[in-house]
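To start, the structure itself, in structure tokens.
The values are calculated or read from the model by the stated rules, or taken from the named source; none is laboratory data. Everything numeric in this text was worked out from a predicted model, so none of it was measured. Cβ: placed from backbone, ideal geometry, glycine included. Neighbour counts: every protein chain shown.
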Amino acid sequence: MDDEALQRWKASFAKSGVHYETDSEYHEAIDNLVGFIELLLEIDRKEQKSLNYMNEKGDDQLYLIDKNGNKIIL
């Protein structure tokens, strides 16, 4: 990450009232935030895959498939 990008992140954090003492703390916070967003996207992709599976079956029941292949009726 270049200095310009870091400054934009710092400004964004400051708008939320977040301030860190060092650049390394900002880098850690950014890495944590990006990691959290990636995890949310991964969860969403898995959910979408389950929902797509449901739609392909043409079933009118709402259900999910767990990691063991069991059908969970919602």
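List of remarks:
- Scanning the range 10-19 for any residue that is of a type in the set (A, V, I, L, M, F, W, C), surrounded by 10 or more Cβ atoms within 10 Å (Cβ to Cβ), touching a residue at least 24 places away in the same chain (Cβ under 8 Å) and in contact with a helix residue (DSSP H, G or I) (Cβ under 9 Å, 6 or more places away or on another chain) turns up nothing.
- Filter pass, Phe36 being touching a residue at least 12 places away in the same chain (Cβ under 8 Å) and surrounded by 10 or more Cβ atoms within 10 Å (Cβ to Cβ): no
- Selection within the range 15-74: residues that are farther than 30 Å from Ala5 by Cβ and hydroxyl-bearing (Ser, Thr, Tyr). The member of this set that is modelled with the lowest pLDDT is Tyr53.
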